[in-house]
Amino acid sequence: MEVCALASGSSGNSFYVGNGKEGVLIDVGITCKQICERLANRGKNAEGIRAIFITHEHIDHVRGVDVFARKFDIPIYLTKGTSENCFVCSNKSLIRIIKNNEIVKIADMKIEAFSKFHHAVDPVSYNVYLKKKISIITDAGYGCKNIKKHISDSDFLIMEANHDERMLENGPYPYFLKNLIKSDVGHLSNKQSAECVLENSSKKLKNIVLSHLSKTNNTPQIALMAFKSALNQKKDVQPNIDVSVREESTELYRI
């Protein structure tokens, strides 16, 4: 399997998972042009994308879906609630409605949707299976039972580490927004995320890519420090830990 964070952050998110020949995108929160360029930079092309899976309706996850899907005639999978609460694609024939815990088979891979808590109508995260298990978990208010369950047997984890709690508290955001971010329908802090992985991961977990970092309330260095400090307490789980950013893709990881 191959996996790459094409972009991740409050201004745009998109993740590629493939089998070496074909692949899928989880979210298209950057432009069609950017998706094509970043795929090409990792030796991939848009013609090899077989499906798009959407996590929820926020613009940083759906910004480029319409143009990309229509340009390459790619089906879009999303929940009914998400479909009804945002503009996804003007070509309605490309839209496929899925349910929580439903598994879709694409290019020898199994893609599984599971629910989480976030300030959206019907948000989901995804697992992708092909001998190994990749879990992509962002935009979650807390480590609910579904998140804990899927962390527990993941081989590769893309995990939200949105904010440093002190930076958020002392930062420029208005009071109501700080409270939303900290709430159970907001975003996981570095500490919450690291503790969730510490308490639920197994020795199967070989890679973690920290994602959806706040530009204002976090830094890659602080997020990495929080995770490394937490996981040092668990000697049987020593994964490689990297950080994804909004400006460029990560490397193409092969597992």
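The values are calculated or read from the model by the stated rules, or taken from the named source; none is laboratory data. Note that the structure is predicted; figures quoted are calculated from it, not measured. Cβ coordinates were reconstructed from backbone atoms using ideal geometry, including for glycine residues, and neighbour counts include every protein chain displayed.
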Go through segment 95-122 and give me each residue that's among the small types (Gly, Ala, Ser) and outside any loop (DSSP other than H, G, I, E, B). Ala113, Ser115
Which number in (1) in contact with a strand residue (DSSP E or B) (Cβ under 6 Å, 6 or more places away or on another chain); (2) under 23 Å from Asn41 (Cβ atoms); (3) not small (Gly, Ala, Ser) marks the one condition that Glu247 misses? (1)
Residue in segment 199-255 that is surrounded by the most Cβ atoms within 10 Å (Cβ to Cβ), counting only those that are among the acidic types (Asp, Glu) and part of a loop (DSSP other than H, G, I, E, B): Glu248
Could you tell me whether segment 152-164 includes any residue that is acidic (Asp, Glu), part of a loop (DSSP other than H, G, I, E, B), surrounded by 22 or more Cβ atoms within 10 Å (Cβ to Cβ) and out of contact with any Phe, Trp or Tyr (no Cβ under 6 Å at 6 or more places or on another chain)? yes
In segment 211-242, which residues are of a type outside the set (D, E, K, R) and under 28 Å from Lys21 (Cβ atoms)? Ser211, Pro239, Asn240
Long-range neighbours under 6 Å by Cβ, at least six apart or interchain, first residue among the polar types (S, T, N, Q) within segment 218-235, second part of a loop (DSSP other than H, G, I, E, B): Asn218/Asp164
Those residues of segment 70-101 which are at pLDDT 95 or above, surrounded by fewer than 13 Cβ atoms within 10 Å (Cβ to Cβ) and within 23 Å of Lys145 (Cβ to Cβ), in sequence order: Lys80
Please count how many residues of segment 126-151 are small (Gly, Ala, Ser) and either surrounded by fewer than 20 Cβ atoms within 10 Å (Cβ to Cβ) or under 19 Å from Arg246 (Cβ atoms) (or both). 1
I'm trying to understand the selection: among the residues of segment 34-70, which are of a type outside the set (A, V, I, L, M, F, W, C) and under 28 Å from Glu84 (Cβ atoms)? Gln34, Arg50, Thr55, His56, Glu57, His58, Asp60, His61, Arg63, Gly64, Asp66, Arg70
